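Here's the structure we're looking at; comments come further down.
The values are calculated or read from the model by the stated rules, or taken from the named source; none is laboratory data. Here the structure is a predicted model, which is why all the values come from computation and not from measurement. Virtual Cβ from ideal backbone geometry, glycine too; neighbours counted across all protein chains shown. Keep in mind that these areas ignore ligands, DNA and RNA; they rest on the heavy atoms of the full protein, side chains included. Shrake-Rupley method; radii C 1.70, N 1.55, O 1.52, S 1.80 Å.
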Amino acid sequence: MRIAILSSEVVPFAKTGGLADVAGALPKALSRQDVDARIILPLHEQIDRNLLNESVIEIEVPWRGGRRETNVFYSSVAGAPAYLIESPEYFSHGSIYGQANDHERYTFFSRAVFTLLQTLKWAPDVVHGNDWPCGFAMVDARTLRLYDELFSQTRSLFSIHNLAYQGVFDPEDLWWLGFGESPDKDDFLLKDMASALKAGLIAADALSTVSRRYAEEIQTSEQGAGLNWLLRARRDRLTGITNGVDYELWNPETDPHIAAHFSAADLSGKQECKLDLLRRFDLEENLDRPIIAIISRLVTQKGYDLIRKLAGAITGTGAYFIALGAGAKEYEDFLQDWHDRAPRQVGIYKGYAGEPLAHQIEAGADMFLMPSHYEPCGLNQMYSMRYATVPIVRATGGLDDTVEQFNPENGSGNGFKFYQYSAGALLEKIREALYFYSQPETWKKIQLNGMAMDNSWDAAAQKYIQLYQEIIDR
Ligand code: ADP
């Protein structure tokens, strides 16, 4: 089985969020199961060139009526072959997203992807695109199937990691991007704008999203981000597969980033990690008080409006609070203000910190907050569980699928879960968690329940293989 996995971000090359973790881990897990899975991504400015092989594949990408000479680099560090498309014009400067010509950049990416596949004479059984930047490739795959013999059997799968990001642009640009004819043009149009996500949702042969629960939620008007009607119409082609965890990277027994290793059999190293974390953030060093942590993009989706309302109440409990995040200025200002008021109790890191600090927080914290408004899958709750850090989450999307409320009657459950999106409901769960934290035996039980969860990618990869096979057979 040959699968081309396209993504705008992939660990270990470039990352802004969970998509990169998934796009790195899935191909690796597929390769372990003898699937010929290959990754294709843009060679962004921030990618460490030391990760690339020296040899270069030269391709000529049909672009805006001419041909654009383009270099493609190769890397084997990701556990599956990876091709990185260089473009001085589109990818060599600035951020991964958020540029005014994103639609042009990722259309170019799509054209380069298929030119590369033609050059390699490697026809995937399935082209697997992820999120709106790959919506263009879903449309191109549909077209190329008709005109290029090489791709006549190639099918497409489009995975939604977050429906709220829709890749919207001026529809005037559809013409010169090469999407001016029907059906492409109509597929892009969404309320006087063009949307790469919408076009991908229509053009792809099959759709998937990153948890079972989110697959249901996005068909509702509350969570459908204006596209629920389309997802409902295509629900027979929509599958929810919960992301896994790359336990090679997220394992407290071997993690190179953390102060001491620990396991379910011996948790003692976790205390060392906690002390290390308190020192890193220059907080008081009282190991008896719990650390509540959060790592997330600073956006309302992640529940930061609730946390802001509760800042005083959280510090009032005596717990430490550690936040790592990049995003909206209003939340960065809030965190700064909170830290300034309690500098030895509230530790903050504003910005994207890279992997080591995220691992150190997971290892050293006692509780991990994810009070998300919506959460397609969420990865940190699963990382937390493996690191004996107890998640406190809102019952939405993948959080609802992976976290089970602790039940003191029979000792089952791996975390704390609230339903209503309100500061009061969140505070109640924080208080409940603090109550059980003060009972060491009970707390250890919750930690061990979480550590015993098997959220490995192997099971999830198996589901993807089944899905690819269904798409091929259809
Ligand atoms: P999302 O994809 O919506 O951002 P996920 O929970 O699926 O949320 O994944 C977020 C990933 O990004 C996790 O691996 C998390 O550790 C990482 N992350 C988020 N913000 C930062 C940051 N500021 N610094 C380092 N890592 C971060």
Practice problem: Evaluate the following for Phe321: is it more than 10 Å from the ligand (Cβ to nearest atom), of a type in the set (Phe, Trp, Tyr) and either farther than 15 Å from Leu283 by Cβ or in contact (Cβ under 8 Å) with a residue 60 or more places away in the chain (or both)? | Solution: no
Quiz item: Can you name every residue in the stretch 339-361 that is more than 14 Å from the ligand (Cβ to nearest atom) and without any contact (Cβ under 8 Å) to a residue 24 or more places away in the chain?
Solution: His339, Asp340
Practice problem: For residues that are at positive phi and surrounded by fewer than 24 Cβ atoms within 10 Å (Cβ to Cβ), tally how many sit in the stretch 101-141. | Solution: 1
Self-check item: Criterion violated by Ser156 - all others in (1) open to solvent by less than 30 Å² (accessible area, probe 1.4 Å); (2) in a helix (DSSP H, G or I); (3) among the hydroxyl-bearing types (Ser, Thr, Tyr) satisfied
Solution: (2)
Quiz item: If you take the residues of the stretch 264-288 that are free of Cβ contacts under 8 Å to residues at least 24 places away in the same chain and assigned to a loop (DSSP other than H, G, I, E, B), which of them is farthest from Gln345 (Cα to Cα)?
Solution: Ala265
Exercise. Would you mind finding the one in Tyr90, Tyr97 that is out of contact with any strand residue (DSSP E or B) (no Cβ under 6 Å at 6 or more places or on another chain), in the same structural domain as Leu43 (by TED's automatic domain parsing) and open to solvent by less than 10 Å² (accessible area, probe 1.4 Å)?
Key: Tyr90
Quiz item: Taking the condition at pLDDT 95 or above and surrounded by 24 or more Cβ atoms within 10 Å (Cβ to Cβ), does Phe151 pass?
Solution: no
Quiz item: Residues of the stretch 311-332 being polar (S, T, N, Q) and in contact with a Leu (Cβ under 8 Å, 6 or more places away or on another chain), which ones?
Solution: Thr317
Quiz item: Is there a residue in the stretch 238-251 that is open to solvent by less than 70 Å² (accessible area, probe 1.4 Å) and away from the ligand (no atom under 16 Å from the Cβ)?
Solution: yes
Quiz item: So which residues in the stretch 196-244 are assigned to a loop (DSSP other than H, G, I, E, B) and of a type outside the set (S, T, N, Q)?
Solution: Ala204, Asp205, Val210, Ile218, Glu222, Gly224, Ala225, Gly226, Leu227, Arg234, Ile241, Gly244
Quiz item: Is it the case that Tyr352 is surrounded by fewer than 19 Cβ atoms within 10 Å (Cβ to Cβ), of a type in the set (Ser, Thr, Tyr) and farther than 26 Å from Gly424 by Cβ?
Solution: yes
Quiz prompt | Residues (within 12 Å of the ligand (Cβ to nearest atom), without any contact (Cβ under 8 Å) to a residue 60 or more places away in the chain and either farther than 13 Å from Lys302 by Cβ or acidic (Asp, Glu) (or both)) located in the stretch 369-415 | solution = Pro391
Quiz item: Only one residue in Ser208, Ser221 is of a type in the set (S, T, N, Q) and more than 16 Å from Ser159 (Cβ to Cβ). Which one?
Solution: Ser221
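For every residue, the table says whether it meets (1) among the small types (Gly, Ala, Ser); (2) crowded, with 17+ Cβ neighbours inside 10 Å.
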residue	(1), (2)
Leu379	no, yes
Met382	no, yes
Gly398	yes, yes
Gly413	yes, yes
Pro440	no, no
Leu448	no, no
Leu467	no, yes
Quiz item: Just a yes or no: is a residue in the stretch 178-186 surrounded by 17 or more Cβ atoms within 10 Å (Cβ to Cβ), in the same structural domain as Gly66 (by TED's automatic domain parsing) and either in a helix (DSSP H, G or I) or in contact with a Leu (Cβ under 9 Å, 6 or more places away or on another chain) (or both)?
Solution: yes
Quiz item: Assuming Thr254 fulfils every condition listed in (1) in the same structural domain as Trp132 (by TED's automatic domain parsing); (2) assigned to a loop (DSSP other than H, G, I, E, B) apart from one, which condition is it?
Solution: (1)
Exercise. Assess whether Arg212 counts as being open to solvent by 30 Å² or more (accessible area, probe 1.4 Å) and under 27 Å from Ala461 (Cβ atoms).
Key: yes
Exercise. Quick one: count up the residues across the stretch 119-144 that are in a loop (DSSP other than H, G, I, E, B) and farther than 21 Å from Asp36 by Cβ.
Key: 1
Exercise. Evaluate the following for Ile292: is it part of a loop (DSSP other than H, G, I, E, B) and at pLDDT 95 or above?
Key: no
Quiz item: For the stretch 329-338, does any single residue satisfy the condition of being within 16 Å of the ligand (Cβ to nearest atom) and either touching a residue at least 40 places away in the same chain (Cβ under 8 Å) or under 23 Å from Gly398 (Cα atoms) (or both)?
Solution: no
